[in-house]
1. Pull up the range 208-223, narrow it to residues that are among the small types (Gly, Ala, Ser) and in a strand (DSSP E or B), then point me to the one that is farthest from the ligand (Cβ to nearest atom).
2. Please enumerate the residues belonging to the range 23-34 that are under 17 Å from residue 57 (Cα atoms) and either of a type in the set (Asp, Glu) or open to solvent by 10 Å² or more (accessible area, probe 1.4 Å) (or both).
3. Taking the range 35-59 on its own, how many of its residues are open to solvent by 60 Å² or more (accessible area, probe 1.4 Å) and not acidic (Asp, Glu)?
4. Looking at the range 12-46, which of its residues are under 25 Å from residue 144 (Cβ atoms) and touching a residue at least 60 places away in the same chain (Cβ under 8 Å)?
5. So residue 181 passes all but one of these: (1) touching a Phe, Trp or Tyr at 6+ places or on another chain (Cβ under 9 Å); (2) in a helix (DSSP H, G or I); (3) surrounded by fewer than 18 Cβ atoms within 10 Å (Cβ to Cβ). Which condition number does it fail?
6. Restricting the search to the range 51-82, which residues are charged (D, E, K, R) and at pLDDT 95 or above?
7. Pick from 134, 86: which is under 18 Å from residue 42 (Cβ atoms) and either open to solvent by less than 30 Å² (accessible area, probe 1.4 Å) or touching a Lys or Arg at 6+ places or on another chain (Cβ under 9 Å) (or both)?
8. At negative phi, of a type in the set (Ser, Thr, Tyr) and surrounded by 15 or more Cβ atoms within 10 Å (Cβ to Cβ), is that true of residue 170?
Amino acid sequence: MKRVVLASDVHLSPARPGTTATFLRFLRERVAGADRLCLLGDLFDFWVGRRQLGVPELEPVWDALAELSAAGTEVVLFHGNRDFLLGGPEAARCGGRVTGEEEVQELFGRRVLLLHGDSLCTLDVDYQKSKRLLRSWIPRFLSWALPRPAAFALARRVRRTSSDSVARKSPEEMDLVGSAVRDRYAEGIDAMVCGHVHAPGERTYGTLEGRPARVHVLGDWSEEGGVYGEIDGDGIRLVGFGSAVPRAPARLD
Ligand SMILES: [Mn+2]
């Protein structure tokens, strides 16, 4: 193992062809040759289940991921809050694997917790409650039972409702919470990488037993680019693609 690349929150959608083109260029220019690509959730703006495979605008992305797999890059898809219905069919489509919303990986001698990040937004009580409902059997059943157009319409409706409620929330409610980060460090991990909050940068939430409780936060994507992560023997780095750049490292509570 020499190099692992991480990205999240690309929010691919047939409605955003520019972002798809930029992400495809990123896969060719920065991911090809890596040992592993971890996509830490919200790769898609929404995912209604296996019947979304075959949507023509997204086919080039699945093809590109399948090519990477065939060339020896392990592709790992994590669940975000918008694409938690990714599963076996999608793993098969790209020759990779789908894991849940988080996974601890032993990388270059360190235990690294990789996760989407919404589980660290513990001040957003409404969201944490609705998440339980959204991850129940209900959406799985609807995705299976509804005809494709109805499933897409429902997904768009849920997306709209969620952006309306996001617009009403305070910045604190939607941000990572330091105590939640330190709780994860208490489980014995050495590093953490997440996405979700769309504010890429290295953040340190105090210390736990003398060690910094640090999170490398990946960025969201547009056609201008995005901030992704790289892990190798030298450590973890946030790197800008296109015009995107990480924020300055921050010390928080
Ligand atoms: Mn998210």
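The values are calculated or read from the model by the stated rules, or taken from the named source; none is laboratory data. Computed from a prediction, not measured in an experiment: that's the story for all the values here. Note: ideal-geometry Cβ built from the backbone for every residue, glycine included; neighbour counts use all protein chains shown. Keep in mind that these areas ignore ligands, DNA and RNA; they rest on the heavy atoms of the full protein, side chains included. Shrake-Rupley method; radii C 1.70, N 1.55, O 1.52, S 1.80 Å.
1. This residue is 213.
2. 24, 25
3. 3
4. 41, 42, 45, 46
5. Of (1) touching a Phe, Trp or Tyr at 6+ places or on another chain (Cβ under 9 Å); (2) in a helix (DSSP H, G or I); (3) surrounded by fewer than 18 Cβ atoms within 10 Å (Cβ to Cβ), only one is false for residue 181: (3).
6. Scanning the range 51-82 gives 57, 59, 63, 67, 74.
7. Of 134, 86, the one residue that is under 18 Å from residue 42 (Cβ atoms) and either open to solvent by less than 30 Å² (accessible area, probe 1.4 Å) or touching a Lys or Arg at 6+ places or on another chain (Cβ under 9 Å) (or both) is 86.
8. no
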